[in-house]
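Notes to accompany the following structure.
The values are calculated or read from the model by the stated rules, or taken from the named source; none is laboratory data. Bear in mind that the values here come from a model prediction, so they are computed numbers and not experimental data. Reconstructed Cβ throughout: ideal geometry from the backbone, glycine too, with neighbour counts over all protein chains shown. To get the accessible areas, we keep the full protein, side chains included, count just its heavy atoms, and leave off ligands, DNA and RNA. Shrake-Rupley method; radii C 1.70, N 1.55, O 1.52, S 1.80 Å.
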Amino acid sequence: MDDGMILTHIIGWGLGLLLFFIALVLYSEKKKKQATIPHMILRLDYLLILYTGFVLLWRYFDEDGSSFTVQAIIKGIAGLIVIVCMEMILVKLKKEKSAKAWWIIFFIALVITLLLGFGILPMGFLP
Ligand code: HEM
């Protein structure tokens, strides 16, 4: 079943978190012009995360009676929230506004995403 979709998904969000961090630091230092570059690449990367995420999610619907369909849907929703939070945090920083509420949601959603992704759902690398 491994056609590299899981790996591509992991590369996608791994790269995403990295680009998010770089843009975050640059916006915090008020280097708005420089921050635009990682921010734009991150937006393209959202598409990769979404594409691979939905392909993976689809497998749970194809597979009749998978016992993990509900967990996979929750994982997908949490993943979507992570993406929305990254974008909102960066836009708030760019406008020099507080992103506190988004940070809280970001961490909660990220923990849920990683727990479900690595800990509970059956595909992928980790046992
Ligand atoms: C930044 C956002 C995201 C992060 C950090 C993330 C993280 C992860 C992780 C850690 C795994 C497990 C990889 C493994 O077991 O080796 C995974 C798998 C998966 N992700 Fe995501 N993901 C994100 C976005 C999404 C989105 C938007 C969707 C769907 C709409 C999605 C759907 C899935 C599905 C269905 C799997 C397969 C789970 C399995 O069968 O093991 N993910 N993701």
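A few points about this structure:
- Residues (open to solvent by 30 Å² or more (accessible area, probe 1.4 Å) and of a type in the set (Phe, Trp, Tyr)) located in the range 1-60: TRP13, PHE21, TYR51, PHE54, TRP58
- Scanning the range 46-63 for residues that are near the ligand (Cβ under 9 Å from one of its atoms) and in contact with a helix residue (DSSP H, G or I) (Cβ under 7 Å, 6 or more places away or on another chain) yields TYR46, ILE49, THR52, GLY53, VAL55, LEU56, LEU57, TYR60.
- Test for TYR27: is it more than 10 Å from the ligand (Cβ to nearest atom) and in a helix (DSSP H, G or I): yes
- Selection of the range 84-108 for residues being in contact (Cβ under 8 Å) with a residue 60 or more places away in the chain and open to solvent by less than 40 Å² (accessible area, probe 1.4 Å) yields MET86, ILE89, LEU90.
- Test: residue in the range 109-118 that is closer than 18 Å to HIS9 by Cβ, surrounded by fewer than 14 Cβ atoms within 10 Å (Cβ to Cβ) and touching a Phe, Trp or Tyr at 6+ places or on another chain (Cβ under 7 Å): no
- Of the residues contained in the range 86-99, one or more are found to be under 13 Å from the mean Cα position of the chain (by Cα), within 17 Å of ILE10 (Cα to Cα) and either among the aliphatic types (A, V, I, L, M) or part of a helix (DSSP H, G or I) (or both).
- Residue among TYR46, TYR51 that alone is of a type in the set (Phe, Trp, Tyr), in contact (Cβ under 8 Å) with a residue 40 or more places away in the chain and under 19 Å from GLY12 (Cα atoms): TYR46
- Selected residue (criterion: farthest from the chain's Cα centre (by Cα)) from residues of the range 1-27 that are farther than 18 Å from VAL82 by Cβ and at pLDDT below 95: MET1
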